[in-house]
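Structure, as structure tokens:
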Amino acid sequence: MSKKKLYIHIGSHKTGTTSIQHALVLNEGGLAARGATFYYKDSLSGKNLLPDLHSWLTFAVPGRVVPSGLRIKEPTRLASELSGVGTDVIVSSENFGFVFDQREILQLQAALSKYFDSIKIICYIRRQDRHVISHHQEGSKLNRAAEYDIFGHSTRAIPPYGEKHDLYLDYFKKLSMWGDAFGDENMIIKVYDRNQLKNGDVVDDFFGLFDIENFARVGQKNSGLGFVRAKLGHLINRSPIVN
């Protein structure tokens, strides 16, 4: 039996990932016409809940992402489930960006390579100063433990620099872990900048990777809060009332 292709979209955060994920769900028919399926079954219930693979990742240390990051739950079971889809497969989780231990990625590669001849890693990266502003704003929302741990609750637009920020923002180190595991030739790295995206849109750009021109569009998802609302959110989140 011939093996299939797998595409793993690993983010990054704040590069239109939520819009991409919802568009993939909305266009399942178009993907099927090209022999591909977007897989997003929940790891516990086995149902299609949120359009991502977040449930297959968990904190190495409960509630803390610094310094151990996230680990990938049951990579052997995940690989087996993906292999049973019957077509080429697309998966997506920006939380792969919180995997800081290369051993996790190597275990995933070993499990997946038994079933897939071709595995491509897709990642959009954003200029770090712009990224940190948006990602820090994300941490002003409720239930964002990883963002709280990395960026804290400063009321500045950019939080004071700390070495822990390199865990996420050192793109070379992070992407090298994936390249070393899956092969540099299998890395699809795109710059999240309207001037470099197809039609100035990340969803258009992503679907262009699969030569899909006509697809149903979704509105912008999970957009930034803006400085004032984010500042208020950080003040609330760091207050003793919340904690």
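The values are calculated or read from the model by the stated rules, or taken from the named source; none is laboratory data. Computed from a predicted model, the values in this text were never measured in an experiment. Counting neighbours? That spans all protein chains shown, and the Cβs are built from the backbone with ideal geometry, glycine included. For the accessible areas, the whole protein counts, side chains as well, though only heavy atoms, and no ligand, DNA or RNA atoms are used. Shrake-Rupley method; radii C 1.70, N 1.55, O 1.52, S 1.80 Å.
Compared with the dominant principal axis of the Cα atoms in the chain, helix 128-138 is inclined by about 80°. With the cut-off at 1.5 for a/c, could you classify the chain from its C-alpha gyration tensor as rounded, prolate or oblate? Prolate, since a/c reaches 1.5 and a/b exceeds b/c.
Within a straight-line Cα-Cα reach of under 19 Å, LYS47 can be paired with the following lysines, leaving aside sequence neighbours fewer than 8 residues apart in one chain: LYS73. For LYS14, the lysines whose Cα falls under 17 Å of its own Cα, not counting residues fewer than eight places away in the same chain, are LYS141, LYS174, LYS190, LYS221.
The alpha carbon radius of gyration of region 1-144, expressed as a multiple of 2.2 N^0.38 Å, is 1.06. So for region 119-187, Kirkwood radius off the Cα pairs, Stokes-Einstein at 25 °C and 0.890 mPa s: how many µm² s⁻¹? Using the Kirkwood radius from Cα pairs, D works out to 184 µm²/s. In a Gaussian network model over the chain where Cα atoms closer than 10 Å are linked, find which of LEU26, LEU167, LEU108 has the largest mean-square fluctuation. The residue with the greatest mean-square fluctuation here is LEU26. A Förster radius of 30 Å, combined with the Cβ-Cβ distance separating ARG194 from LYS3, puts the computed FRET efficiency at roughly 0.25. Between ARG34 and MET187, the modelled labels are 2.4 nm apart [label points 7 Å from Cα along Cα→Cβ]. Within the accessible surface of the chain, defined with a 1.4 Å probe on protein heavy atoms only, the carbon and sulfur portion equals 51 percent.
Here the spin labels are modelled as points 7 Å beyond Cα on the Cα-Cβ line, and at TYR171 and LEU26 they lie 2.7 nm apart. Between helix 102-112 and the chain there is an angle of about 20 degrees, using the helix long axis and the longest principal axis of the Cα atoms. Per residue, the accessible area of the chain comes to 50 Å² when a 1.4 Å probe rolls over the protein heavy atoms. Listed by chain and number, the aspartates and glutamates placed with their C-alpha closer than 18 angstrom to that of LYS198 are ASP211, GLU213; residues fewer than eight positions away on the same chain are left out.
Within the listed set ILE90, ILE158, ILE105, the residue fluctuating most in the Gaussian network model of the chain (springs between alpha-carbon atoms under 10 angstrom) is ILE158. Working note: Karplus 6.51/-1.76/1.60 with θ = phi - 60° gives region 48-53 the couplings 7, 10, 6, x, 7, 10 Hz, where Gly and Pro are set to x. When you count the other C-beta atoms within 10 angstrom of each residue and take the mean per peptide, 186-195, 115-124 line up highest first as 115-124, 186-195. On the beta carbon distance between ILE158 and ASP101, with R0 = 41 Å, the FRET formula returns roughly 0.95.
Using only DSSP helix segments of four residues or longer, with each worth -39500 (n - 2.57), what per-residue ellipticity at 222 nm results for the chain after dividing by its residue count and rounding to 500? Here the helix-only value at 222 nm equals -10000 deg cm²/dmol.
For region 58-63, backbone phi angles converted through the Karplus equation (6.51, -1.76, 1.60; θ = phi - 60°) give residue-by-residue couplings of 8, 5, 5, 10, x, x Hz, Gly and Pro being listed as x.
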